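A short write-up of the structure that comes next.
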Amino acid sequence: SFDASAIKRLKMVVTVVDKPKGEFYMDVLSQFDVNFQTVVNGTGTARSEILDMLGLNNSKAVVISVIREDLTDTIMKVLDEKFRTIRNGKGVAFAVPLSSVIGVNLYRFFSDRREV
């Protein structure tokens with residue numbers, strides 16, 4: 001049976017990095033028992049002339065991960081450290097609370113609590 005007292009709130013973390021670093025950041029996040037991640041291609045809004053002048057890349061990877069809320073601070077600290085120390089690894093990340101998930105099995109999957 002499902003123990004409602006064991007419920008952990010969930011958040012969606014969105015991480016935006018240069019396209020070649022998408023897989024790297026998915027691997028970083030997977031160490032936190034993230035059961036759902038996907039990466040989609042993104043394009044910035046800056047004009048290509050400005051990007052060329054600044055030597056920047058306009059092609060982005062947008063990594064979407066569902067995490068347990070209690071891991072948010074740790075994950076954000078790790079991402080911040082990677083953004084500062086990995087060559088060409090700069091990016092932006094933010095977390096959004098999920099207000100509901102339909103279905104006990106889906107919740108168990110997202111929260112990595114399938115055995116509960």
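The values are calculated or read from the model by the stated rules, or taken from the named source; none is laboratory data. Because the structure is a prediction, the values reported are computed rather than measured. Positions of Cβ are backbone-derived with ideal geometry, glycine not excepted, and every protein chain shown enters the neighbour counts. Ligands, DNA and RNA are stripped out before the accessible areas are found, and what is left, the full protein with its side chains, is counted by its heavy atoms. Shrake-Rupley method; radii C 1.70, N 1.55, O 1.52, S 1.80 Å.
Does the stretch 103-116 contain any residue that is open to solvent by 70 Å² or more (accessible area, probe 1.4 Å), at pLDDT 80 or above and not β-branched (Val, Ile, Thr)? Please lay out each step first, then the result.
Step one: filter the stretch 103-116 for residues open to solvent by 70 Å² or more (accessible area, probe 1.4 Å), giving 105-106, 109, 114-115.
Filter once more, keeping what is at pLDDT 80 or above: none.
So far as the stretch 103-116 goes, no, none of its residues is open to solvent by 70 Å² or more (accessible area, probe 1.4 Å), at pLDDT 80 or above and not β-branched (Val, Ile, Thr).
Name the pairs whose Cβ atoms lie under 9 Å apart, with the first residue in the stretch 18-40 and free of Cβ contacts under 8 Å to residues at least 12 places away in the same chain and more than 17 Å from Arg84 (Cα to Cα), the second open to solvent by less than 90 Å² (accessible area, probe 1.4 Å) and polar (S, T, N, Q), and 6 or more positions between them or separate chains?
Ser30/Gln37; Ser30/Ser65
Are any residues in the stretch 69-97 of a type in the set (Lys, Arg) and surrounded by 11 or more Cβ atoms within 10 Å (Cβ to Cβ), and if so, which ones? Working first, answer last.
Applying the first criterion (of a type in the set (Lys, Arg)) to the stretch 69-97 yields 77, 82, 84, 87, 90.
Selection gives Lys82, Lys90.
What about Val66, is it at pLDDT 70 or above, assigned to a loop (DSSP other than H, G, I, E, B), hydrophobic (A, V, I, L, M, F, W, C) and surrounded by 12 or more Cβ atoms within 10 Å (Cβ to Cβ)? Can you show your working first?
Values: at pLDDT 70 or above: yes; assigned to a loop (DSSP other than H, G, I, E, B): no; hydrophobic (A, V, I, L, M, F, W, C): yes; surrounded by 12 or more Cβ atoms within 10 Å (Cβ to Cβ): yes.
Answer is no for this residue.
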